[in-house]
Amino acid sequence: MSQIEPNSRPFTVLVEGNIGSGKTTFLNHFNKFEDVCVLAEPIDMWRNCKGHNLLGLLYEDIKKWSFTFQSYVQLTMLQQHLRKTACPVKLMERSIYSARICFVEKMKQDNLISHAAAAVIDKHFQWIKENTDLKVDLIVYLRTDPQTVYDRMIKRNREEEKTVSLDYLQALHQIHEDWLYHKTIFELPAEVLVLNANLDKSVINEEYSKFEPLILNKKL
Ligand code: DGT
């Protein structure tokens, strides 16, 4: 495996997209390359914060637990951004950006967190941006239709997601679209590569292969 210099930064790629858009499949495709370190979403940590399943609590009573959950997501995402890797390419599933921009915005839209709570999260977020290295080189947006991801979510049958509705996925889709496709809200920390992630699993790896040089930062 090629290693990077101890003090240099890897080419950092964020993999973003709605719930069920196939981020895991995408990461698995790229995990086979020796130059790549994949950082999966820290969902296991959200399921066990000193014995508390915060993801489960969130969907049980979203109003009560939104702030707690989002605070912990922000911390765990920061840890992922700062994690050192020996590989020249670092692929991250989601980021501190989508936590803040997509999920916190949705909570604000739905009045699930107070303005005061959102302000606290935002203060942390701004401080982190100004005082740590969150540099990103590329964002991969796995673009999907809400109905497609809803069907996938039902099929995978994750216990905590039983209460997630099509309406919720539609709204989350719209925020992803405005941020990563129309580019009308918030800042973009890097250029965006938009991929059609509605494709069936049987052909999607072929689609992803076409973009390997770009994602692996290899000049053609
Ligand atoms: P996939 O299917 O491989 O594209 O990826 P998923 O659906 O396993 O991953 P993701 O990040 O879209 O969602 C995992 C679960 O965690 C899902 O129920 C939504 C939730 N989630 C992820 N990040 C956040 C966040 O920042 N805030 C909130 N409220 N929920 C989040």
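The values are calculated or read from the model by the stated rules, or taken from the named source; none is laboratory data. Given the structure is predicted, the values throughout are model-derived calculations rather than measurements. When we count neighbours, we look across all protein chains shown, and the Cβ atoms used for this are built from the backbone with ideal geometry, even at glycine. These accessible areas exclude ligands, DNA and RNA; they are computed on the full protein's heavy atoms, side chains included. Shrake-Rupley method; radii C 1.70, N 1.55, O 1.52, S 1.80 Å.
Points worth noting:
- Subset of the stretch 105-157 [assigned to a loop (DSSP other than H, G, I, E, B) and touching a Leu at 6+ places or on another chain (Cβ under 6 Å)]: V136
- Where helices (runs of 4 or more DSSP H) fall wholly inside the stretch 1-87, the ranges with 2 or more residues that are in contact with an Asp or Glu (Cβ under 7 Å, 6 or more places away or on another chain) are 23-31, 54-60.
- Qualifying residue in the stretch 71-89 (condition: near the ligand (Cβ under 10 Å from one of its atoms) and over 14 Å from the mean Cα position of the chain (by Cα)): yes
- Screening F186 with (1) at pLDDT 95 or above; (2) over 28 Å from N48 (Cβ atoms) gives one miss only, at (1).
- Condition met for A116 (open to solvent by 10 Å² or more (accessible area, probe 1.4 Å), in contact with a strand residue (DSSP E or B) (Cβ under 9 Å, 6 or more places away or on another chain) and more than 9 Å from the ligand (Cβ to nearest atom)): no
- Unique residue being open to solvent by 20 Å² or more (accessible area, probe 1.4 Å) and either of a type outside the set (G, A, S) or at pLDDT 95 or above (or both) when the list is L82, L54: L82
- Across the stretch 90-104, the qualifying residues are those that are under 20 Å from G20 (Cβ atoms) and outside any helix (DSSP H, G or I), and the one among them that is farthest from the ligand (Cβ to nearest atom) is L91.
- Checking each residue in the stretch 171-211 for being farther than 16 Å from S98 by Cα and surrounded by 13 or more Cβ atoms within 10 Å (Cβ to Cβ) picks out L195, A197, N198, L199, I204, N205, E207, Y208, F211.
- Residue check for L172: modelled with pLDDT of 95 or more and either at positive phi or in contact with a Gly (Cβ under 9 Å, 6 or more places away or on another chain) (or both): no
- Every residue from the stretch 122-149 that is of a type in the set (A, V, I, L, M) and more than 24 Å from S21 (Cβ to Cβ): I128
- Screening L220 with (1) among the aliphatic types (A, V, I, L, M); (2) modelled with pLDDT under 95; (3) closer than 25 Å to W46 by Cα; (4) open to solvent by 90 Å² or more (accessible area, probe 1.4 Å) gives one miss only, at (3).
- Checking M107, M153 one by one, the residue that is within 17 Å of the chain's Cα centre (by Cα) and more than 26 Å from F30 (Cβ to Cβ) is M107 and no other.
- Where K162 falls short, out of the listed (1) surrounded by 14 or more Cβ atoms within 10 Å (Cβ to Cβ); (2) in contact with a Phe, Trp or Tyr (Cβ under 9 Å, 6 or more places away or on another chain); (3) touching a residue at least 12 places away in the same chain (Cβ under 8 Å); (4) among the charged types (D, E, K, R): (1)
- The requirement of being open to solvent by less than 20 Å² (accessible area, probe 1.4 Å) and either under 29 Å from R9 (Cα atoms) or out of contact with any His (no Cβ under 8 Å at 6 or more places or on another chain) (or both) is satisfied by L138.
- Among the residues making up the stretch 178-203, a single one is more than 30 Å from E105 (Cα to Cα) and of a type in the set (A, V, I, L, M): V203.
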